[in-house]
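These notes concern the structure reproduced below.
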Amino acid sequence: MTTTTTATTTTATTAASVTYWSRIDSPVGRLLLTAGRDGALTSLSVPGQKGGRSVQDGWRHDPGPFREAEEQLGAYFAGELKEFRLPLRAEGTAFRERVWAALDAVPYGATVTYGEIAARIGATRPAVRAVGGAIGANPLLILRPCHRVIGADGSLTGYAGGLERKTRLLTLEGAWSDRP
């Protein structure tokens with residue numbers, strides 16, 4: 001799945017910035033989506049997510065900017081969509097943005113290891129832990145497919161949304177079969 005992404009390295013919030021939010025029901029729980037004034041999605045969080053976002057004072061509830069995301073997510077969960085075409089805006093360090101771009105290149109139905117992601121961005125073997133940290137900080141679960149990253153031994157490891165959700169997403173994509 002290739003995701004159309006517009007990445008920026010912005011960490012400061014200006015008085016002119018606005019965050020819009022909406023919730024969408026899905027088979028993996030109620031999703032919280034956020035977007036900026038430009039309509040680009042800035043996060044997708046699931047209930048109980050480690051490091052997930054929650055609605056903040058001053059955010060504006062408006063489902064309008066999220067209609068296309070809701071449609072595409074519905075098609076994805078129905079098994080009808082393999083490639084999201086949504087404007088995304090991640091905010092992170094240059095290193096995280098390189099890791100996230102490598103995630104965007106992992107196709108639907110495939111898995112890669114943390115080491116393979118490190119190699120794709122030219123990181124050294126000792127940097128695999130940092131790569132894992134960048135993957136864990138992915139603010140756009142599902143849309144930016146961090147669920148497709150597995151351990152070097154083929155095991156399911158580390159997913160901010162929980163291993164049960166990771167299993168469900170990989171099974172939906174045909175990359176994993178339910179195992180006891």
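The values are calculated or read from the model by the stated rules, or taken from the named source; none is laboratory data. Keep in mind it's a predicted model, so treat the numbers as computed, not measured. Virtual Cβ from ideal backbone geometry, glycine too; neighbours counted across all protein chains shown. Only protein heavy atoms, including side chains, enter the accessible area calculation; ligands, DNA and RNA are left aside. Shrake-Rupley method; radii C 1.70, N 1.55, O 1.52, S 1.80 Å.
Within the range 112-127, work out how many residues are open to solvent by less than 70 Å² (accessible area, probe 1.4 Å), closer than 19 Å to residue 93 by Cβ, of a type outside the set (Ser, Thr, Tyr) and touching a helix residue (DSSP H, G or I) at 6+ places or on another chain (Cβ under 8 Å). Total meeting the criteria: 5. When the range 134-180 is filtered for residues that are closer than 30 Å to residue 66 by Cβ and loosely packed, with under 14 Cβ neighbours inside 10 Å, the ones remaining, listed by number, are 163, 164, 171, 174. Evaluate the range 82-89: report whether one residue or more is modelled with pLDDT of 95 or more and aliphatic (A, V, I, L, M). Checked the range 82-89: at least one residue is modelled with pLDDT of 95 or more and aliphatic (A, V, I, L, M).
The rows are residues; the columns are (1) out of contact with any Pro (no Cβ under 8 Å at 6 or more places or on another chain); (2) open to solvent by 70 Å² or more (accessible area, probe 1.4 Å); (3) part of a strand (DSSP E or B).
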residue	(1), (2), (3)
23	yes, yes, yes
29	no, no, no
34	yes, no, yes
43	no, no, yes
49	yes, no, no
55	yes, no, no
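Of everything in the range 81-111, what is of a type in the set (A, V, I, L, M), surrounded by fewer than 19 Cβ atoms within 10 Å (Cβ to Cβ), within 15 Å of residue 143 (Cα to Cα) and touching a residue at least 12 places away in the same chain (Cβ under 8 Å)? Give them in sequence order. Across the range 81-111, the qualifying residues are 101, 105, 110.
Any idea which of 175, 119 is part of a loop (DSSP other than H, G, I, E, B), more than 29 Å from residue 20 (Cα to Cα) and either at pLDDT below 95 or out of contact with any strand residue (DSSP E or B) (no Cβ under 8 Å at 6 or more places or on another chain) (or both)?
175
The set of residues from the range 62-73 being out of contact with any Phe, Trp or Tyr (no Cβ under 6 Å at 6 or more places or on another chain) and closer than 14 Å to residue 23 by Cβ comprises 63, 64, 66, 67, 69, 70, 73. Against the criterion of being outside any loop (DSSP other than H, G, I, E, B), among the charged types (D, E, K, R) and open to solvent by 20 Å² or more (accessible area, probe 1.4 Å), residue 71 qualifies.
Would it be correct to say that residue 165 is in contact with a Phe, Trp or Tyr (Cβ under 9 Å, 6 or more places away or on another chain) and either more than 21 Å from residue 105 (Cβ to Cβ) or in a helix (DSSP H, G or I) (or both)? So residue 165 fits the description; yes.
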